[in-house]
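Below is one structure; the comments refer to it alone.
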Amino acid sequence: MQAFDQDGLNEFLETIRETEYYPLFYTLLFTGLRRSEALALRWRDVDLLLGYISVNRTLHQLKDKSFVFRQPKTEKSRRTVALPPSLSIVLRQHQERQQTQRALLAADLSDDALIFAQLDGSPLLPHSITNAWRRLVKQAGFQGVRLHDARHTHATLMLKQGVNAKIISERLGHSSVVITLDTYSHVLPGLQEAAARGFDEGLGRTNQDVISSTG
């Protein structure tokens, strides 16, 4: 995996701000959803007032080019993911643009409409989303950051911000927190050092205090 760091994430988002993919890629980076989960979302699956998304199905394209919606593979994959306030704003703006586009086609935007879709409401092609990500990442000056690394970026940055691994596991839909800890074990050593320093700081202990008490 090759995740964005904080500066890289902000730089990438600024680069793609005016593209049609901004709302989708923002969602992936700020929720940790899988591509198949995000592409299956309907407007009735999101509550922009309370700020959460319900993940209850996935979208897949078959070899004959048809689409199928499936149940998530595990019970833990069916989950509710809290939205960062900034994402709620991005999605609300996206919804307003969709409503305007549908009105031009003399159509309504129903609660069952896909959040991320073609202009006519049909599903986006999963492989086209992956190709767009690769192209935009390259244009932004980054190398080797895959679409699935948006998920890794979300988890890694949350760990570095001190979010409990159990919470991150629930957001990602992992079947066990052990999977989360194993997947992101490379981040943990640095977090332990920061936690150790924070323990001293939380107790108000400084190096000078220790030297004075033992000198």
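The values are calculated or read from the model by the stated rules, or taken from the named source; none is laboratory data. Everything quoted here is computed from the prediction, not taken from an experiment. Cβ: placed from backbone, ideal geometry, glycine included. Neighbour counts: every protein chain shown.
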Checking residue 12 against (1) surrounded by fewer than 17 Cβ atoms within 10 Å (Cβ to Cβ); (2) within 24 Å of residue 130 (Cβ to Cβ), which single condition isn't satisfied? (1)
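From the list 122, 128, 185, 175, which one is more than 24 Å from residue 12 (Cβ to Cβ), of a type in the set (Ser, Thr, Tyr) and at pLDDT 90 or above? Spell out how you get there, then give the answer.
Values: 128 fails: more than 24 Å from residue 12 (Cβ to Cβ); 185 fails: at pLDDT 90 or above; 175 fails: at pLDDT 90 or above.
Only one candidate qualifies: 122.
Select from the stretch 23-63 the residues that are part of a helix (DSSP H, G or I) and polar (S, T, N, Q) and write down the one among them that is nearest to residue 126 (Cα to Cα).
In the first step, residues of the stretch 23-63 are kept if they are part of a helix (DSSP H, G or I); the result is 23-31, 35-39, 43-45.
Filter once more, keeping what is polar (S, T, N, Q): 27, 31, 36.
Details: 27: 15, 31: 18, 36: 8 Å.
Here the answer is 36.
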Whichever residue in the stretch 1-22 is aliphatic (A, V, I, L, M) and part of a helix (DSSP H, G or I) and, among such residues, is farthest from the chain's Cα centre (by Cα): 16
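Results for (1) modelled with pLDDT of 85 or more; (2) closer than 20 Å to residue 35 by Cα; (3) in a loop (DSSP other than H, G, I, E, B), shown as yes or no for each residue.
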{"residue": "93", "(1), (2), (3)": "yes, no, no"}
{"residue": "96", "(1), (2), (3)": "yes, no, no"}
{"residue": "102", "(1), (2), (3)": "yes, no, no"}
{"residue": "145", "(1), (2), (3)": "yes, yes, yes"}
{"residue": "159", "(1), (2), (3)": "yes, no, no"}
{"residue": "193", "(1), (2), (3)": "no, no, no"}
{"residue": "199", "(1), (2), (3)": "no, no, no"}
Could you check the stretch 134-150 and list, in sequence order, the residues that are out of contact with any helix residue (DSSP H, G or I) (no Cβ under 7 Å at 6 or more places or on another chain) and under 22 Å from residue 60 (Cβ atoms)? 134, 146, 148, 149
Residue in the stretch 109-123 that is touching a Ser or Thr at 6+ places or on another chain (Cβ under 6 Å), of a type outside the set (A, V, I, L, M) and part of a loop (DSSP other than H, G, I, E, B) present: no
If you take the residues of the stretch 71-125 that are free of Cβ contacts under 8 Å to residues at least 24 places away in the same chain and among the aliphatic types (A, V, I, L, M), which of them is surrounded by the fewest Cβ atoms within 10 Å (Cβ to Cβ)? 106
Which of the residues that make up the stretch 1-46 are over 24 Å from residue 67 (Cβ atoms), in contact (Cβ under 8 Å) with a residue 60 or more places away in the chain and of a type outside the set (D, E, K, R)? 1, 2, 3, 4, 6, 8, 9, 12, 15, 16, 29, 30
